[in-house]
Amino acid sequence: MFLYNVTIKVTNAISLQWLEWLKNEHVPEVLATGCFSNARILRILDIDDSEGPSFAIQYMAENRAAYDRYIELHANGMRQKSFNKWGDQFIAFRSIMEAVN
């Protein structure tokens, strides 16, 4: 199992609208690619959120090939849609992890 983690900090100005968009549009669209079997959205606690909240979105892929397919065929388009909608009001950091247990 591979976990594609996207950590995002959003500004306070967009945080509520962004979270609704994430839940209702973006995550379903990513899952519709067929590259991931599940996703979860987490709010990150114990950090300074005076400028806005931070979230981790975790997508589960059955294998590395599914993740690689997402990156090759879909990632750039999804990222561009996010920038087109929200501009510079968020920052994202991405990582890939493999379950070892």
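Look through region 1-36, keep the residues that are farther than 19 Å from Ala99 by Cβ and among the aromatic types (Phe, Trp, Tyr), and return whichever of them is surrounded by the fewest Cβ atoms within 10 Å (Cβ to Cβ).
Trp21
Is at least one residue of region 69-84 over 13 Å from the mean Cα position of the chain (by Cα), of a type in the set (D, E, K, R) and modelled with pLDDT of 95 or more?
There is at least one residue in region 69-84 that is over 13 Å from the mean Cα position of the chain (by Cα), of a type in the set (D, E, K, R) and modelled with pLDDT of 95 or more.
Can you tell which of Arg40, Arg64 is surrounded by 11 or more Cβ atoms within 10 Å (Cβ to Cβ), in contact with an Asp or Glu (Cβ under 9 Å, 6 or more places away or on another chain) and not aliphatic (A, V, I, L, M)?
It is Arg64.
Yes or no: Ala56 touching a Lys or Arg at 6+ places or on another chain (Cβ under 9 Å) and either in contact (Cβ under 8 Å) with a residue 60 or more places away in the chain or at negative phi (or both)?
yes
The values are calculated or read from the model by the stated rules, or taken from the named source; none is laboratory data. Note that the structure is a prediction, hence the values are computed from the model and not measured. A quick note on method: Cβ atoms are made from the backbone with ideal geometry, for glycine too, and the neighbour counts reach across all protein chains shown.
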